[in-house]
1. Taking the Cα atoms of the chain, report the difference between the largest and smallest coordinate on each principal axis, in whole Å and largest first.
2. To the nearest 20 Debye, how big is the dipole of the stretch 86-174 about its Cα centre, given +1 on the beta carbon of each Lys and Arg and -1 on that of each Asp and Glu?
3. Quick check: the angle from helix 217-232's long axis to the longest principal axis of the chain, C-alpha only, nearest 10 degrees?
4. Can you give the percent of C-alpha pairs in the stretch 86-131 whose distance is more than 13 Å?
5. Any idea what log10 I(q)/I(0) is at q = 0.12 Å⁻¹ for the stretch 1-131, Debye with uniform C-alpha scatterers and no solvent?
6. Tell me the mean residue ellipticity at 222 nm calculated for the chain from its helices only (DSSP H runs of n ≥ 4, each -39500 (n - 2.57), averaged over every residue, nearest 500).
7. Cα-based Rg (one decimal) and Dmax (whole number) for the stretch 41-101, in Å?
8. For the stretch 198-322, just say rounded, prolate or oblate: build the C-alpha gyration tensor, square-root its eigenvalues into a ≥ b ≥ c, call rounded for a/c under 1.5, and beyond that prolate if a/b exceeds b/c, oblate if not.
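The values are calculated or read from the model by the stated rules, or taken from the named source; none is laboratory data. As the structure is a prediction and not an experimental result, all values here were calculated from the model. Every residue, glycine among them, receives a Cβ derived from its backbone with ideal geometry; neighbour counts consider all protein chains shown. Areas reflect the complete protein model, heavy atoms only, side chains present, ligands, DNA and RNA absent. Shrake-Rupley method; radii C 1.70, N 1.55, O 1.52, S 1.80 Å.
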Amino acid sequence: MDNERAWFVRRVVLSVLFLVVVAVPLYPELFGLDEVTPFPQLVAFRPQSLVVLLVLALLMLVRRGWRIAASLAAVLALVGGALVAPRHFSHARPAPADARQLTIMVANVLGGGANAADVAQLIRDRKPDLVSLPEAQVDVREQIRALLQDQQYKGYTAQPSSVVESATSVLVAPSLGAVTFASDPGTTLGNVVVTGGTLAGVRLIAYHGYPPLTDGVMTWKQDLQAVRHWCSEDPATIVAGDFNATVDHADFRQALGGYCRSVGPTVGGGLQGTWPADQPAVLRTQIDHVVVTRQFQPGRFTTYPIRGTDHRAVVATVAVLP
């Protein structure tokens, strides 16, 4: 009897240790490890990891000695899945009939690797008011704009440093009128702030956040703080671009801070992965976002393939609430 009890206690202890081991990469923020490589990179694929964990737990159930560990792992996977599910099953609430609609597009063009004709065609098809173009230098922006001459889009590019080759560009529809372009300090890869014209009290911001590379996690965090600053300010604000972060990153959620929300997860498109585009849909994660403050009602969120880039383009619609 004592041997059986000791064996049971040992199984329980080992099962709990196993649970901790699998929980750390899934929820590193609970252990204070979300800033330590490789956890910021792994957590971007939390939905896929939860599926793998659930399958592993089911396979472990066939072994009697592993059933406690399997049960704990299955509970963790199911609870995690329940937290992820609203990103797919949420629905857009109807906006007031007289609300103004804005269409926002994001296309990371991979430093000019993206097929300009594909980008231009998507702009023709969806007629966005603002096109955020992360990794687009002036020549790349103008190559796309040259294919849209009859559309009369205006362009602007921000390159924060000659040392950093990457730049962030925008194209703005003529319907927005005589807008003003500016760039706020504090982001590594540039941003473009669009105000004025027919936007009235609305501010549109094209953004490209630094990736959470092994030696760049702190830079990634600092760039996300700029998003928090924009979200917490008074003007009605839309931030669109490549955030290099998902809603599973605690730093991204903190950047939104309850002031902003990402359109995709809000309207049931939160599992439409945008990167890496060359992988099957189930292996992609959503790092390209259209983020809006509470003065907007999210509408639709769709992703589109663009040849030559590792990102899918995003097109989202939002309504300006009266």
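1. Computed over the Cα atoms, the extents are 84, 47, 34 Å.
2. Values: 9 positive and 9 negative charges, 76 e Å.
Dipole about the Cα centre, nearest 20: 360 debye.
3. Approximately 60 degrees, to the nearest ten.
4. On the way: 710 of 1035 pairs.
Within the stretch 86-131, distances greater than 13 Å cover 69 percent of Cα pairs.
5. The Debye formula, applied to the Cα set alone, gives -0.74.
6. Values: 10 runs with 113 residues, N = 322.
It comes out at -10500 deg cm²/dmol, rounded to the nearest 500.
7. Values for the stretch 41-101 (Cα only, Rg and Dmax): 18.0, 63 Å.
8. oblate
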